[in-house]
Amino acid sequence: MKITDEIFDRLFSAASAVRENACAAYSGFKVGAAIITEHGKIFSGCNVESSSYGLTMCAERNALASALCSGERKFSAILITADSPEPVSPCGACRQLIYDYAPDIIVIMTNTEGKRIDSSVTELLKFPFGLKKVKI
Ligand code: THU
């Protein structure tokens, strides 16, 4: 799927809207994410923090999990947004999970002003670990 301006706008507004629901009481850093399936359906997620900090769930992992829980398996793009000077970049754990379920997805990193960087997952996660690559 080509990421047209229209698709970008739909993803950006879904991610910006869900970002308002972020549970970021500890960091104060609200993140929103939206993922689009090959058929154009959008799922969104925000970060959900825990008093036990390490249990925190990132926005992009929640968006991906929401889509997976609805039975979706084929994805075209995932957009992440936060109020930061530069576009927000997915953490290592999210890069792995995105690679696991959507190795060919386009990752669109943005800030709330709409500054944007597009990347492949393998550009973000060079030499990824994956079950297809090991003998278990
Ligand atoms: N966070 C995300 O939700 N996604 C990212 O790509 C980077 C970090 C969240 C986790 C935590 O709630 C807050 O941002 C600060 O790290």
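Quick notes on this one:
- Dipole check for the chain: with +1 at the C-beta of Lys and Arg, -1 at the C-beta of Asp and Glu, and the Cα centre as origin, the magnitude is about 560 Debye.
- Net lengthening on full extension, Lys74/Ile136 (0.36 nm per residue, minus Cα-Cα): 19.8 nm
- Highest average packing first - 33-40, 63-70, 52-59, Cβ atoms within 10 Å: 33-40, 63-70, 52-59
- Net +/- balance of residues flanking Glu113 in space, Cβ distance below 15 Å, scoring K and R +1, D and E -1: +1
- Counted by Cβ distance under 15 Å from Ser89, the other residues give a net charge of 0, where Lys and Arg count +1 and Asp and Glu count -1.
- Dipole orientation for the chain: of the candidates Ile42, Met1, Val121, Val121 has the Cα lying most toward the positive pole (charges on Cβ; Lys, Arg +1; Asp, Glu -1).
- Neighbour net charge for Ser27 - beta-carbon separation under 13 angstrom, K R +1, D E -1: -1
- Percent RCO, i.e. relative contact order, over the chain, from Cα pairs under 8 Å lying at least 6 residues apart: 19
- Zone of Ile3's modelled label, taken as backbone nitrogen in the range 90-119 under 11 Å from a point 7 Å along Cα→Cβ: 105-110, 116-119
- Site pair His39 and Gln96 shows an inter-label distance of 3.2 nm when each label is modelled 7 Å from Cα along Cα→Cβ.
- Rounded is the label for the range 5-124, because the ratio a/c of its alpha-carbon gyration tensor axes (a ≥ b ≥ c) stays below 1.5.
Since every read-out is calculated from the coordinates, none of them should be taken as a lab result. Not measured: the values here are computed from a predicted model. Cβ sites come from the backbone with ideal geometry, for glycine too, and all protein chains shown count toward neighbours.
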